[in-house]
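Following: one structure in structure tokens, then a few remarks.
The values are calculated or read from the model by the stated rules, or taken from the named source; none is laboratory data. It should be emphasised that the depicted structure is a prediction, and the values quoted were computed from it without experimental measurement. Glycine also receives a Cβ, built like all others from the backbone with ideal geometry; neighbour counts cover every protein chain displayed.
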Amino acid sequence: MKILRYIAVSFSLYSKIPMPRFEWKEDDMEHSLSFFPFVGLVTGLIAYGIYSLLTYFEVQAVVKAIVSVIIPILVSGGIHLDGYMDTQDALRSYKPTEEKLRILKDPHTGAFAIIGLFVCLLVSIASLTVIFDNADNKLLILLGLTLMLSRILSGLSSLLLRKAKEDGMLAGETKNKRKSVIVFLLIQLTVLFACMLYINIFITLIIFAAFLVCLLCYMHMTKKEFGGVTGDTAGYFVTVSETINLIVIAIIVMTGII
């Protein structure tokens, strides 16, 4: 029964998928990251299903790319893009750390957030258009699974890295750093890696390398610019790592390596 509660809380926090309503306990919040990657898995399945339907009706690749970019936004309610946009505003302010943290809390949207969102969406659509024009079914399945991978790494980094502030949703989820949550996320990462290797070794290694580079850059950026991670920067990581991965795969597809 507790597992069902944890799943419901995770999906309630990180998606717009309807879940049963009940009174949350502190224990539920502390386990919310355990099933955060499952939100990505479900999102990938939905995206793949709709892509298959559009392919059946011979819809153009660019239209499929646009729909594929929109689906995760609709499923998540845009929570990760919100963090991405807030982080963009803070980073481009070039202010001291405390001022950047204040900008993260500011509900107003700045110009850099809009510009960053516009670039991110355009790049994602362009990359997916290239991929859809040339990809086989195995590659598309792997791309769907990366939505789970980005959330596993986001969850682990949120648990293991220093927090920039002691309040907020992320602090409430990670304040006790439950070993069971960390171990469960590591198990998910191991199983996901094995499954992706089974599908295609070469592409999987490329994908994991791209995400690892993004993670290392993210760790450096959050420490330097914010003094640690926040809920907004976690959303920033999900968005940026997925976008960078699409760019890498699109370049590889265009060069004919795969």
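Key figures for this structure:
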item	result
Test: residue in the range 201-221 that is in a loop (DSSP other than H, G, I, E, B) and modelled with pLDDT of 95 or more	no
Pick from the range 82-111, criterion of a type in the set (Gly, Ala, Ser) and surrounded by fewer than 21 Cβ atoms within 10 Å (Cβ to Cβ), ranking: nearest to Gly227 (Cα to Cα)	Ser93
Pairs, first crowded, with 21+ Cβ neighbours inside 10 Å in the range 58-81, second of a type outside the set (A, V, I, L, M) and not in a helix (DSSP H, G or I), C-beta under 8 Å, six or more apart	Val75/Ser15; Val75/Lys16; Ser76/Ser15; Ser76/Lys16
Only one of Ile114, Ile131 that is touching a residue at least 12 places away in the same chain (Cβ under 8 Å), surrounded by fewer than 16 Cβ atoms within 10 Å (Cβ to Cβ) and more than 18 Å from Val42 (Cα to Cα)	Ile114
Positions within the range 1-38 being assigned to a loop (DSSP other than H, G, I, E, B) and within 16 Å of Ile73 (Cα to Cα), in sequence order	Ser15, Lys16, Ile17, Pro18
